[in-house]
Amino acid sequence: MKKLIIVGGGSASWASAYQILRSESVDEIQVIHSGTVPIIGTGEGATGSLDDIILKGDHKEFLEKTNSTVKLGILFENWQGVGTKFNKYVDAWHYDARRNPEHSPNKDIDIMYKILEDNIDVDDVSINAFLMKHELQDFTEVKRHTFHFDGRNVGQFFRDKCLESTKVTSTVDTIIDVEVNNGKIISLHGEKDSYTADFYVDSTGFRRLFADFVEHEFEPYEEWLDINAAVPFLLPAKKQAYTVSRAMESGWMWEVPKTNNCGSGYNYSTKHASSDEVIAEAQKYLGHDVEPIKVVEYTSGCYKKTAGVNYAFIGLSAGFIEPLEATALHCSIYSAEELIKVFKKQKTIDQYNKYVHEMVTDFRDFTILHYRSATRNDTKFWQDQKKKPIPEKLKEQMEIFKNGSLECLYNTTHIYFMFQTALGFNFINKPKVFDYDKTVKIPTLDAIQRIKDKHNLG
C-alpha cells in the first residue's frame, strides 16, 4: 500500500505507526496530531504483547528513555475480602512444556492440569509470581514480562523511533472535517491543510473523530460493568515490579510504579460514589492527602465493527473496557498487527472486524469474571456485582471449567487469562480428577530453585 494516515498523537497512534512501519506493508505513513491534547500520565501497564510484538525483547533502550519499570504481574488486594492478596503473573506458562495432544493442541495444558490435580500453589511454580511473593527484583530467570510506563513518554519514544525513518512524517494540524463518499474516506481537512491517503486510522482516543462522519454501531458494556470513572493522582516512587489493584468500597485503586513516581488513582462507579467520596476514602486508606489531577468519566464499550472500507479505529477510539487488566494497549497492538495482514491482502476488512470484536469481547468477559468471582461482599458496590448478568459465552466457559476442562481458554486473549483468574479467585469447586500424564514436569521448578539458592530462601 502506498500511503497511510494516522490521526492522533498518543501512544496507540505512534506504537501502531512503528509497528506498521517495520512490517514494510506501506510506503509512507503520515501521523497528524494537534500537538495540544493533554495526556494524563499517571501510569499505565501493558500485557506481554508490548514486548512480544513491538519491542521483541529489545527493551533496554525503552526502559532507559521512558521512566518505565519491569512489570511481572498484578497484585490483587482485598478482592476476596479485606486483607486478602492474590498474584496474577504475566509469564503464564511461557515455557517449552511437553504437550499431551489428547487434551488440547495447547502445549501447556498438561502443566495446568497437574497444578490443579496436585493442588499446587501457583506462586511456587510461576517465576514471576514467586518473585512478586518474595519482593525480589532479580529478573535473570524471567522469561516473559511487560512494563509500567507513562503514556506520554511511551508515545514520545515510538514517535522518535518512527521519525528515524524517512517513510514517516509528523504533521501538527487539527482535523476539522472528513470527506466521505459511499462509506469511503476521500480526504481529511485540517485547520492548516487537506490530506489524502490510501487508508486512514483514527487514534484520537475518546474524541473518536471519524465517528462524526461515518456511522458505526457502538456496543455499550454498562449492562455488565459498573466502573465508569477514575480519579488519578501521583504517589512517591516505589521499588516494586508489579502493579497493585486494590479493591475499595466502590471500585478499585491502582498503583503503577515508575522510576520517577508511582502513578495511582481510584477507578469507581458513579452509581455508587462521588469523586469526593472516593478521594476521601483513598486518603483515609493511604493515611495522607492526595492531589487529584482530574476526574475522568467514560462509557465502557466498543464498536461492533472498528473498520470500514479504507479506515479503522485503533486505540481508545475503537473502544474501552476499563483499566483493570491493562488491555487497552494490547488491543491496539493486535489491531495494528491484524491491519498489516489486511494491507498484505492476507485478510479482508470483514475478517479484521470479526477478530477485533472477538478480542475485545473476550477481554470484556475476562474483566467481568473478576467481579463475579470476587468474594468481597461488604459494600453495596460489591454486592451489586454479584447481581449483574453474565454474558452467555462467559457463562458457558465458566461451566466448562467447573466441569473439569481447560478448554474454556479463549483464543483471542492470547494468554491463559481465564485459567489464571479462575484458579486465583477460586470461583468454583476443585475440578474433577484428570487423566493426565503423571510424568509431566513443571519446567519452572529448576529456575525457582536457583532463585531460592541465590537468595537463601531455603
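So which of LYS56/LYS192; LYS304/LYS395; LYS305/LYS393 end up more than 27 Å apart, counting from Cα to Cα? Walk me through the numbers before you get to the answer.
Details: LYS56/LYS192 38 Å; LYS304/LYS395 21 Å; LYS305/LYS393 19 Å.
Going by Cα-Cα distance, LYS56/LYS192 fall outside the 27 Å limit.
If I ignore ligands, DNA and RNA and count only protein heavy atoms, how much of THR84 is accessible to a 1.4 Å probe, in Å² to the nearest 10?
Approximately 40 Å² of THR84 is accessible to the 1.4 Å probe.
Net charge around TYR298, counting only other residues with Cβ within less than 15 Å of its Cβ (Lys, Arg = +1; Asp, Glu = -1)? It would help to have the intermediate numbers written out before the result.
Working: positive: ARG207, ARG208, LYS271, LYS294, ARG364; negative: GLU44, GLU219, GLU222, ASP226, GLU297, GLU322.
The answer is -1.
Would you please report the Å³ per residue occupied by the convex hull of the alpha carbon atoms in segment 314-357?
Measuring per residue, one finds 61 Å³ for the Cα hull of segment 314-357.
Starting from 0 in steps of 10 Å, tell me what percent of the Cα-Cα pairs of the chain lands in each bin.
Once binned at 10 Å, the Cα pair distances of the chain give 4, 20, 30, 27, 15, 4, 0.
With a Förster radius of 35 Å, plug the Cβ-Cβ distance of ASP193 and ASP58 into 1/(1 + (r/R0)^6) and report the FRET value to the nearest 0.05. Intermediate values should be presented prior to the final figure.
Values: r = 36 Å, r/R0 = 1.03.
Approximately 0.45, to the nearest 0.05.
Calculated FRET efficiency, ALA280 and LYS341, Cβ-Cβ r, R0 45 Å, to nearest 0.05?
0.35
Probe radius 1.4 Å, ligands and nucleic acids ignored: give me the carbon and sulfur share of the accessible area of segment 300-410 as a rounded percent.
Roughly 53 percent of what the probe reaches on segment 300-410 is carbon or sulfur.
Whole number in Å², please: accessible area per residue of the chain, 1.4 Å probe, ligands, DNA and RNA not counted.
That works out to 43 Å² per residue.
At 1.4 Å probe size, what's the solvent-accessible area of LYS56? Round to the nearest 10 Å².
130
Once phi is turned into ³J(HN,Hα) by the Karplus curve 6.51 cos²θ - 1.76 cosθ + 1.60 with θ = phi - 60°, what whole-Hz value does each residue of segment 138-144 show in order, with x for glycine and proline?
9, 9, 5, 9, 6, 9, 8
Give me the aspartates and glutamates in straight-line cross-link reach of LYS65: C-alpha distance below 16 Å, same-chain residues under 8 apart excluded.
GLU44, ASP51, ASP150, ASP160, GLU164
Among all the lysines, which ones have a C-alpha under 19 Å from LYS344's C-alpha, if same-chain residues fewer than 8 places away are not counted?
LYS2, LYS3, LYS167, LYS354
What is the calculated FRET efficiency for LYS441 to ASN377, with r their C-beta to C-beta distance and R₀ = 25 Å, to the nearest 0.05?
0.05
What's the magnitude of the charge dipole for the chain around its Cα centre, counting Lys and Arg as +1 and Asp and Glu as -1 at the beta-carbon? Answer in Debye, nearest 20.
620
The values are calculated or read from the model by the stated rules, or taken from the named source; none is laboratory data. Just so you know, these numbers come straight off a predicted model, no measurement behind them. FYI the Cβ positions are ideal-geometry reconstructions off the backbone, even for glycines, and counts take in every protein chain you see. Calculation scope for accessible area: heavy atoms of the full protein, side chains included, ligands and nucleic acids excluded. Shrake-Rupley method; radii C 1.70, N 1.55, O 1.52, S 1.80 Å.
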